[in-house]
Amino acid sequence: MIEGFAPAKVNLALHVTGQRTDGYHLLDSLVMFADFGDYLTLQKAEEISISLSGPRVEGVPADARNLCWQAARFFGANVAITLEKHLPNQAGIGGGSADAAAVLRGLSELYQRPVPDGAEMLGADLPVCLHGRAARLQGVGEVITPLDVPPLPAILVNPGCAVETPQIFKALTRRDYAALAPLPQTSSRREFCAWLREQRNDLIDPALRLFPEIGAVLTRLSELPGQLHYGMSGSGATCFTLFDSRGEADLAVRDIQRDQPDWWVQDCTLS
Ligand code: C5P
């Protein structure tokens, strides 16, 4: 049996720079991964199966609609998968893609053969989730450049609305935004966050129009003591705040949990 970890993926910046003729969007994004996520086990079996547990199973299918199932089929392996869900579903932090990447990594270890080329056909976030560390993502998600970025204490906050990614892309009013500014070479969290504050998530505007509750989250995050930067990940609705220390992140989690008990709030370190 193999154990796997599927960390949350966070887009700290996400610029939409164009659109391909097949409708997919060209992106320029800075992505990091949390030390928080879903847990899996994989065991060789007669057929593919998924058994779900954990606090965030609601709405997660346990059949061929689950990306983990599709990942096993793509790899060509019959495997019994247990999946302990901690990441909210349809939340802009990778969820299904992170799980599928963990399945592919685990199967590669279990069967001692590399992950076949073409995993991006399972989802545009698969390549970066397979990489699993700080990276710049370009193209429609298939061009991954590893980055040396300081680890960042953070909190993740989701107001509880499930967001359909295609809906957000469709609601864009422009698709020709500028690429990321040249990346800073720095080990200082403050300098790195100063650079991030000059970047954008171009999906925020359409996401706010369709899900105004994201605006309430961003306002709350902007007011947190000690925050170095805040924004929205992917197509939402999960938002993040970055801090200089884990202590400040812990305090922020407690504050938000007290006055917004219905929001999902999680502290973590991004790397
Ligand atoms: O590939 P994935 O299924 O994760 O993408 C979900 C949807 O998000 C796509 O069907 C597409 O509408 C949109 N998308 C896009 N351009 C990207 C990635 C995703 O338009 N680069």
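Observations
- For segment 126-133, 3J(HN,Hα) computed residue by residue from phi via the Karplus equation (6.51, -1.76, 1.60; θ = phi - 60°) reads 4, x, 6, 5, 5, 5, x, 9 Hz, glycine and proline entered as x.
- Rounded to the nearest whole Hz, the Karplus-based 3J(HN,Hα) values (6.51 cos²θ - 1.76 cosθ + 1.60, θ = phi - 60°) of segment 177-182 follow the sequence 6, 5, 5, 4, 5, x, with x at glycine and proline.
- Considering only Asn89, Asn78, Asn158, the Gaussian network model of the chain with Cα springs below 10 Å gives its largest mean-square fluctuation to Asn78.
- For the chain, excluding the exposed loop sites themselves (trypsin sites (Lys or Arg not before Pro), DSSP loop, at most 16 other Cβ atoms within 10 Å), the longest remaining stretch covers 198-271.
- GNM result for the chain, Cα springs below 10 Å: residue of Met32, Met121, Met232 fluctuating most strongly: Met121
- Within a Gaussian network of the chain (alpha carbon springs, distance under 10 Å), most fluctuating of Ala154, Ala181, Ala252: Ala181
- Here segment 137-248 has an Rg and Dmax of 14.7, 40 Å, counting Cα atoms alone.
- Per residue accessible area of the chain, 1.4 Å probe, in Å²: 44
- The sum of -39500 (n - 2.57) across all DSSP H runs of n ≥ 4, divided by the residue count of the chain, sets its helix-only mean residue ellipticity at 222 nm to -8000 deg cm²/dmol.
- Eligible lysines near Lys85 by straight Cα distance, threshold 22 Å, same-chain separation 8 or greater: Lys9, Lys44
- The share of Cα pairs per 5 Å bin across segment 79-128, counted from zero up to the longest distance, runs 4, 20, 28, 24, 17, 6, 1 percent.
- Neighbour-limited loop hits for GluC sites (Glu not before Pro), segment 207-271 (at most 13 other Cβ within 10 Å; DSSP other than H, G, I, E, B): Glu223
- Distant-in-sequence amide contacts of Asp35, defined by a placed amide H-H separation under 5 Å and a gap of 5 or more residues or a different chain, comprise Thr269.
- Normalised by 2.2 N^0.38 Å, where N is the number of residues, the alpha-carbon radius of gyration of the chain equals 0.97.
- Column: log10 I(q)/I(0), Debye, Cα scatterers of segment 59-183, q = 0.09, 0.21 Å⁻¹: -0.31, -1.41
- Remark on Leu26: its backbone amide H falls under 5 Å from those of Thr17, Gly18, Gln19, Arg20, a criterion applied only to residues 5 or more positions apart or on other chains, H modelled at 1.01 Å from N.
- Top positive-direction residue, dipole computed over the chain with Cβ charges, set Gln257, Gly95, Gln138: Gln138
- For the chain, a simple Cβ point-charge model (Lys and Arg +1, Asp and Glu -1, everything else neutral) yields a dipole of about 320 debye relative to the Cα centre.
- Taking the Cα centre of segment 1-149 as origin and assigning +1 to Lys and Arg Cβ atoms and -1 to Asp and Glu Cβ atoms, the resulting dipole is close to 80 debye.
- Carbon plus sulfur fraction of accessible area for the chain, probe 1.4 Å, in percent: 49
The values are calculated or read from the model by the stated rules, or taken from the named source; none is laboratory data. Keep in mind the model is a prediction, meaning the values are calculated, not measured. Every residue, glycine as well, gets a Cβ built from its backbone with ideal geometry; the counts of neighbours run over all protein chains shown. The accessibility values were calculated without ligands, DNA or RNA, using every heavy atom of the protein model including side chains. Shrake-Rupley method; radii C 1.70, N 1.55, O 1.52, S 1.80 Å.
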